[in-house]
1. Among 131-137, 102-108, how do they line up from the highest to the lowest mean number of other beta-carbon atoms within 10 Å?
2. R0 = 35 Å: FRET efficiency of Leu116 with Asn178, Cβ-based, nearest 0.05?
3. Looking at segment 126-177 from every direction and averaging, what is the projected area of its Cα convex hull in nm²?
4. Wrap a convex hull around the Cα atoms of segment 84-232, take a quarter of its surface area, and give that in square nanometres.
5. If amide hydrogens are placed 1.01 Å from N in the peptide plane, which non-local residues have theirs closer than 5 Å to the one on Ala74?
6. For segment 106-213, what is the charge dipole size about the Cα centre, in debye to the nearest 20, if Lys and Arg each add +1 at the Cβ and Asp and Glu each add -1 at the Cβ?
Amino acid sequence: MCGEATGLPINSAMTVSSPDLISAHGALRLLLQVHPRVQGGLDTYSNKDASHMAERECSRVPGGVHQHVCHDGAHMNAALTFTSCALGRMSWKKFPVYVLGQFLGSFVAAATIYGLFYNAIIDFSGGKLMTTGPTATANIFATYLPDHMTLWRGFLDEVVVTGMLQLCLLAIADKGNNPTLLGTQAIVTGILVVIIGISLGMNSGYAINPSRDLPPRFFTFLAGWGSQVFRTKDWWWVPVVAPPLGAYCGAIIYLFFIGSNKRQEPQVLENPLAFEDHKISVLPKTTSHQHGVASLTPVSVYPEDRPSALYNP
């Protein structure tokens, strides 16, 4: 729970905090345009905007993953936790503990970002905290369905995108099927999230994580945006229900078609001196009264003729 509660703030807070996006006047407008979870900025994407988003996503995800997933087994995603329990890889008793930690961490991250960007948010919105329209700011914290999408198309989009995420994460960690090198999982996961966001994030904002969407949404409800954060297009429940379903489907597809049950272990030669044709190079002994430099020419002997001292190093 501690890993979840401390890992998600790192993950979530960095999503909307990039130095080059907050330094200049009017930077919140650029933030709203670049952020992949904003409906108003969908027509304003450019190559530069996409590069900003990729840099931010690729920097935030490895941070949380390396600090907590690689060290204490944190998931930082309720959809992944649900899938682990559904597949029997983790006890259901741990599920509420993991999710509670994730929700607490995400809520704290949303509060932190709100405090840091409060003046910019008020300046941009004119003091009116809205969920839709040209000055909407609630979409900084959670996903909202754009005008060109219907509710059920958005639901299907979240199922497919989260399924792809789970499938690729299993491939990254599958020790029986050529996994990524030890220590590189964090950066590979970061690149994966960037690719998913750039290629598939336009339709619904790729929530892909109930823990990343629902707690910040609840925070905006308390912070002044009001009940509209739950009423707008009745979208709020989709990022909670669709990602676990998609993650489970992605895991089933991977385990059925791709996954391996064989664990690859490194080969170790237990006793390399056991072969009869091995030769051992030894140096001649020198005594303390010898003044000359002893010859360093190695003398080759077979194992059966080697001194007993070599058997007990």
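1. The densest-packed peptide leads the list: 102-108, 131-137.
2. So, using R0 = 35 Å, E works out to roughly 0.25.
3. 5.2
4. So the mean shadow area of the Cα hull is 10.8 nm².
5. Those lying under 5 Å, H to H, from Ala74 are Val69.
6. That gives a dipole near 100 debye.
Read-outs throughout are calculated quantities, based only on the coordinates presented, and are distinct from any laboratory measurement. As the structure is a prediction and not an experimental result, all values here were calculated from the model. Positions of Cβ are generated from backbone atoms using ideal geometry, with glycine treated the same way; all protein chains shown enter the neighbour counts.
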